[in-house]
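Worksheet: the structure to be examined is printed underneath.
The values are calculated or read from the model by the stated rules, or taken from the named source; none is laboratory data. Remember, it's a predicted structure, so these values are computed and weren't measured experimentally. In this analysis, Cβ positions are derived from the backbone assuming ideal geometry, glycine residues included, and neighbour counts consider all displayed protein chains.
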Amino acid sequence: MMLLVVVWSCICRFHFVESIPENMTYPAQSNFPSTTEIWKRLISSAEKSIDIASFYWSLLPENAGTYRGPSTQDGTDIYNLLIGAAKKGIKLRIVQNAQNNNETRMLENEGLAEVRSLNFSNWFASGVLHTKFWVVDAKHFYLGSANLDWRSLTQMKLKLNNYFLGSFSIAQTVWARGDGINLKSMTCRVKELGVAVFSCGCLAEDLMKVMNVYWEMGAPGKKLPSSWPNELATAYNAKNPLVVTLNGEQNSVYISSAPPTFCPRGRMDDLNAILQVISTARKFIHISVMDYFPATLYLTNNRYWPVIDDALRKAAYNGIKVKLLISKWKTTRPTLFAFLKSLAVITSTLPSKRKYDTKRKKFISIPDTVGSIEVRIFIVPAEGNHKNIPYARVNHAKYMVTDNTALIGTSNWSGDYFINTAGASIVIQKHNTTVNSEIVHNLNQEIFMRDWNSTYASPLSDFDDKGHRITNDTVISVKMEPIQKAIFERTLNLPGGGMIGAPEVLQFGQNLIHLIRAKKAIDIGTYTGSSAVAWALAMPSGSEVLTIDVYPGSYDSISRKLIDARPDIYPKIKRHVGTAAQKLGKYNAMLASGEAGKWDFVFIDADKINYPIYYEQSIKLLRPGGVIIIDNALWGGSVVNRPRDRSTAAVDETNQKASKDSRVYNYLMNIADGIHVIFKKY
């Protein structure tokens, strides 16, 4: 049985560490030290030893196939500082992935470092040492996304806490500008995020055990052991985290590692750490990673690997708001976008939580309990000579933050990184879970949400299934009045805001309304009112738009005041609030009251399971020559899949029903997520 140990006396200094690429600006100055500063601080703090786990080394520009200059100086400085430390007697140990590394070879040949290389083909079909961390004197450490590469470093000192000032001297110049910070002195080419912890032997010693696993596996002829020595075991994991004081607040912390075969007794592997953090989220999950694939990428025969994908879908289904900020750069695989769209599209199918209303004697939906999955694509701009620098201009960060936990790691999120590739993560949670953690708050608000709301992040809907940005052709063809733009922009800021009808679909519907001279329209699925407003704008005075939805809150919070201020719009819009059964009841009541054949236009964009019924009832209400538009008719392409869920099956059933219906002419169009356009015959 493992002895459970809780340490309360470890008092540590904690920092988030960033590298922000040249020419990227934000409205507010970063509060976090740069990677260059922290690495210099670590080297200057060393008294006995520096241990570095690394993927590759390219601190010197000539090893990256580029030139020496001001923008490459930081890498050269770090390399020279390591040489200087080694010459002073500091023991320098390096583990690296097995590949040609001139810089570490020189250090080894000069007797300045001990170097071991790990060749993962000795143990797995594929894989690399992808870890990036430093441990100094078993007391201080860095762990994060930054490789030993000049492109990951930045010269500019953004801001230091008081206890850093005077500790070491570097040039610092900040140009203030009204619309943001001028980063002309920044030389970084890759956006990075990590953590640095100082005077923290309890955590650093635990990370040293991961280092020593690598050191063992780097020995010549080393085989995967059936069990690891007891001295490499840890007592600290999700069930029994280490309790330490970070910047004055007690946090529960543990370090995880990958792959599982590199995890001695007690060490939680990276995948299970990620799943644990996802499963314990109560409100939101925010993820920023370079790559996200529910598959392996580097095997001879790659396979589907939905472990994390399934966990996120489950979380969203249970009411959690999920945001993914995924990177795009010149080496991004086009298949990334199809996977992301498949994940994001489930938002429109997610249920709300329900409670029993004793007064009304029935179950009702609880407002704001519907989960969501939103995706934005983060692009670091590359202009001028930036385009010519290889493996640069990308958001390389790898982290997740929830309402209660932060996880900062070194791995991209595809199956390979958790099966046969080495990585490490640090997981931090406020020890008293009833109180918000300042560290978790800072990661979410000052880093994730800053990036999410920046001009560098674009909605997934701006890209097609292969990652090509949708061109101006669509923008030019769509006309939006100011009220429509306001509703659209406000809706996109909501959790699940991607459910809003695509502008090109609404424009197409308006064109049809003009064509058939419609004066009576049914809008099934109000949401924030964008479609109802579009139909009202397209129809003359005295017309009627009956809009139906289960939940009025989105309309009330986003659009109601805007609509009420428009006397040319609000008299036309009639609202009906009700569940799916109540919607159908409304349909039946309309038919019973003689409304059959009197409506000109129907737009269906609601709960997909009831699409077939909505279609059939709409046909009865529609006049000859009237039009039905069924939105999401392609349903992210999933209508061709087998097996499939009920919503997908219902969308396909509706498409099949319309195509075989002798009462109509129909055409399935590839606009946005697909629309099925149906004309009722005379």
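Residue check, Asp556 against (1) of a type in the set (D, E, K, R); (2) more than 29 Å from Asp368 (Cβ to Cβ); (3) without any contact (Cβ under 8 Å) to a residue 24 or more places away in the chain, all met but one. Which one?
Single failed check for Asp556: (2).
Kindly indicate whether Val435 is at pLDDT below 85 and touching a helix residue (DSSP H, G or I) at 6+ places or on another chain (Cβ under 7 Å). Steps first, answer last, please.
Values: at pLDDT below 85: yes; touching a helix residue (DSSP H, G or I) at 6+ places or on another chain (Cβ under 7 Å): no.
Criteria not met by Val435.
Residue under question is Lys341, and the condition is that it be at pLDDT below 85 and out of contact with any strand residue (DSSP E or B) (no Cβ under 7 Å at 6 or more places or on another chain); does it hold? Working first, answer last.
Details: at pLDDT below 85: no; out of contact with any strand residue (DSSP E or B) (no Cβ under 7 Å at 6 or more places or on another chain): yes.
Against the criterion (at pLDDT below 85 and out of contact with any strand residue (DSSP E or B) (no Cβ under 7 Å at 6 or more places or on another chain)), Lys341 does not qualify.
Restricting to the range 418-458, give me the number of residues that are small (Gly, Ala, Ser) and more than 30 Å from Ala125 (Cα to Cα). Break it down stepwise before answering.
Step one: filter the range 418-458 for residues small (Gly, Ala, Ser), giving 422-425, 437, 454, 457-458.
Now narrow it down to the ones that are more than 30 Å from Ala125 (Cα to Cα): 437, 454, 457-458.
Selection size over the range 418-458: 4.
Do any helices (runs of 4 or more DSSP H) entirely within the range 477-563 hold 1 or more residues that are hydrophobic (A, V, I, L, M, F, W, C) and over 32 Å from the mean Cα position of the chain (by Cα), and if so, which? Don't jump to the end; show me each part of the working.
Details: elements: 482-492, 503-516, 530-538, 553-558.
Hits in the range 477-563: 503-516, 530-538.
Please tell me if Phe448 is in the same structural domain as Lys341 (by the TED database), closer than 30 Å to Leu224 by Cα and part of a helix (DSSP H, G or I).
Working: in the same structural domain as Lys341 (by the TED database): yes; closer than 30 Å to Leu224 by Cα: no; part of a helix (DSSP H, G or I): yes.
Against the criterion (in the same structural domain as Lys341 (by the TED database), closer than 30 Å to Leu224 by Cα and part of a helix (DSSP H, G or I)), Phe448 does not qualify.
One residue is enough: does the range 93-109 have a residue meeting the conditions within 30 Å of Asn444 (Cβ to Cβ) and in contact with a Phe, Trp or Tyr (Cβ under 9 Å, 6 or more places away or on another chain)? Can you show your working first?
From the range 93-109, those within 30 Å of Asn444 (Cβ to Cβ) are none; that's our starting set.
Within the range 93-109 (the criterion being within 30 Å of Asn444 (Cβ to Cβ) and in contact with a Phe, Trp or Tyr (Cβ under 9 Å, 6 or more places away or on another chain)), the answer is no, since none of the residues qualifies.
Being of a type in the set (D, E, K, R), more than 36 Å from the chain's Cα centre (by Cα) and over 14 Å from Pro220 (Cα atoms) is the filter here; which residues of the range 96-137 pass it? Full working, then the answer.
Here is the first cut: in the range 96-137, the residues of a type in the set (D, E, K, R) are 103, 105, 108, 110, 114, 116, 132, 137.
Checking the rest, the ones that are also more than 36 Å from the chain's Cα centre (by Cα) come to 105, 108, 110, 114.
Within the range 96-137, Arg105, Glu108, Glu110 meet the criteria.
Do you know which residues across the range 407-445 are in contact with a Ser or Thr (Cβ under 8 Å, 6 or more places away or on another chain) and assigned to a helix (DSSP H, G or I)?
Result: Asp416, Tyr417, Phe418, Ile419, Val440.
Criterion first (surrounded by fewer than 22 Cβ atoms within 10 Å (Cβ to Cβ) and modelled with pLDDT of 90 or more) does Ile426 satisfy it?
Numbers: surrounded by fewer than 22 Cβ atoms within 10 Å (Cβ to Cβ): no; modelled with pLDDT of 90 or more: yes.
It is false that Ile426 is surrounded by fewer than 22 Cβ atoms within 10 Å (Cβ to Cβ) and modelled with pLDDT of 90 or more.
Residues that are under 27 Å from the mean Cα position of the chain (by Cα), acidic (Asp, Glu) and farther than 14 Å from His676 by Cα: does the range 624-636 have at least one? Explain how you work it out, then say what you get.
Looking only at the range 624-636, we keep the residues that are under 27 Å from the mean Cα position of the chain (by Cα), and these are 631-636.
After this cut, where a residue has to be acidic (Asp, Glu) as well, the list is 631.
Now narrow it down to the ones that are farther than 14 Å from His676 by Cα: none.
No, every residue in the range 624-636 fails to be under 27 Å from the mean Cα position of the chain (by Cα), acidic (Asp, Glu) and farther than 14 Å from His676 by Cα.
Taking the range 74-121, which residues are touching a residue at least 60 places away in the same chain (Cβ under 8 Å) and not charged (D, E, K, R)?
Passing the criteria: Gly75, Thr76, Ile78, Val95, Ser117, Leu118, Phe120.
Please give the helices (runs of 4 or more DSSP H) falling wholly within the range 564-665 in which 1 or more residues are modelled with pLDDT of 95 or more. Outline the logic, then answer.
Values: elements: 580-592, 611-621, 646-660.
Passing ranges, in order: 611-621, 646-660.
Being of a type in the set (Ser, Thr, Tyr), farther than 20 Å from Thr528 by Cα and in contact with an Asp or Glu (Cβ under 9 Å, 6 or more places away or on another chain) is true for just one of Ser593, Ser618, Ser647. Which residue is that?
Details: Ser593 fails: in contact with an Asp or Glu (Cβ under 9 Å, 6 or more places away or on another chain); Ser618 fails: in contact with an Asp or Glu (Cβ under 9 Å, 6 or more places away or on another chain).
It is Ser647.
Take the residues in the range 1-38 that are within 24 Å of the chain's Cα centre (by Cα) and part of a strand (DSSP E or B), then tell me which one is modelled with the lowest pLDDT. Before the answer, list the steps.
The initial filter retains those residues of the range 1-38 that are within 24 Å of the chain's Cα centre (by Cα), namely 15-35.
Those left that are additionally part of a strand (DSSP E or B): 15-19, 34.
On the way: His15: 97, Phe16: 97, Val17: 96, Glu18: 94, Ser19: 90, Ser34: 93.
Among residues in the range 1-38 that are within 24 Å of the chain's Cα centre (by Cα) and part of a strand (DSSP E or B), the one modelled with the lowest pLDDT is Ser19.
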